[in-house]
Amino acid sequence: MFTGIIEAVGKVVATQPKGGDLRVRIHTAGMDLADVKLGDSIAVNGVCLTAVELPGDGFWADVSGETLARTKFSELKPGWPCNLEKALTPTTRLGGHLVSGHVDGVGTVVSRWDDGRSVRFTIKAPDEIAKYIAEKGSICVDGISLTVNRVNGAEFELNIVPHTLAETTLVTFQSGTRVNLEVDVIARYLERMLLGERAADPEAAGGITESFLAEHGFMR
């Protein structure tokens, strides 16, 4: 688990195809690796990866075909900047929100504009995860814990303060930039719990619908 509070901006320095998936080397810049050992988890642009080699200035990790298919890691190449965060510990300050490092979908930056000293972004999420995004709720964008300002269908708006902009890859975002999105984990589990006994029914895989809510007294 992670908090979405970025510790350093590193970069991809090498990639090696490995039997249908990929091994990647990440340079971790100023992130302290003294307490990292083989097998530890590190979030890279919001994706939980396992350190399989520790060369000293970073780490190597394996990226599965599933991860390549479900995240923007299909775009991986040397020089690619990435937000980095080590897994939280029992004494970690939970400054963001609980982040699993399991990406729900890839969104796209629609627009960017200045608002005083802040920068605002509008991002379009995949339609299938729009239901999990709530105004003033939390969302993880490329590993960064952020607050949703407004929601309009599958699009949501963010307000980024100068510190967050300077300390993350958000500073590079422009219209058309693709981003890894992870919704609040509580929303995902709540939907599953509301299904009750229907959770074991393959036909319930579509999740909660308006008709389901009405049938069970949640809507009039």
- Based on the mean of other Cβ atoms within 10 Å per residue, sort peptides 4-12, 40-48, 126-134 so the most packed one is first. 40-48, 4-12, 126-134
- Hey, what angle do you get for helix 185-194 against the long axis of the chain, alpha-carbon based, 0 to 90 degrees rounded to 10? 30 degrees
- Task: Tell me the label-point distance for the pair S175, D35, using the 7 Å Cα-to-Cβ offset, in nm and rounded to one decimal.
- Result: 4.4 nm
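Test of understanding: what is the full-extension gain from H163 to L190, defined as 0.36 nm times their sequence separation minus their Cα-Cα distance? Write down the numbers at each step before the final one.
Details: separation 27, 0.36 × 27 = 9.72 nm, distance 3.29 nm.
Working it through step by step, the gained length comes to 6.4 nm.
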- So what's the Cα pair-distance distribution over the chain, bin width 5 Å, in %? 1, 7, 14, 18, 18, 15, 12, 8, 5, 2, 1, 0, 0
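Is the shape of the stretch 12-104 rounded, prolate or oblate, going by the alpha carbon gyration tensor and its root eigenvalues a ≥ b ≥ c, with a/c under 1.5 for rounded and a/b larger than b/c for prolate? Write out the running numbers ahead of the final one.
Values: a/c = 1.81, a/b = 1.30, b/c = 1.39.
It is oblate, given that a/c is not under 1.5 and a/b is not larger than b/c.
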- Query: With a sphere of radius 12 Å drawn around the Cβ of G95, what net charge do the other residues whose Cβ falls strictly inside it have (Lys, Arg +1; Asp, Glu -1)?
  - Reply: -1
- Query: What residues qualify as long-range amide H neighbours of G105, i.e. H under 5 Å apart, gap of 5 or more or another chain, H built at 1.01 Å from N?
  - Reply: L181
- Query: Assuming R0 = 35 Å, what is the FRET efficiency of V13 and A199, from their Cβ-Cβ distance, to the nearest 0.05?
  - Reply: 0.20
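On a 28 Å Cα-Cα criterion, which of the cross-link pairs K72/K136; K11/K124; K37/K131; K37/K72 come out too long? Write down the numbers at each step before the final one.
Working: K72/K136 25 Å; K11/K124 25 Å; K37/K131 38 Å; K37/K72 26 Å.
Those over the limit are K37/K131.
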- Item | Order of T147, T3, T108 under a 10 Å beta carbon neighbour criterion, fewest first | T147, T108, T3
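State the extension gain, in nm to one decimal, for the chain segment bounded by T147 and V110, taking 0.36 nm per residue of separation less the distance between their alpha-carbons. Display every interim value, and only then the final one.
Numbers: separation 37, 0.36 × 37 = 13.32 nm, distance 1.72 nm.
Length gained between T147 and V110: 11.6 nm.
Any read-out appearing in this document is the output of simple, stated calculations on the displayed coordinates, not a laboratory observation. The model shown is predicted, which means the values in this text are computed figures rather than measured ones. Positions of Cβ are generated from backbone atoms using ideal geometry, with glycine treated the same way; all protein chains shown enter the neighbour counts.
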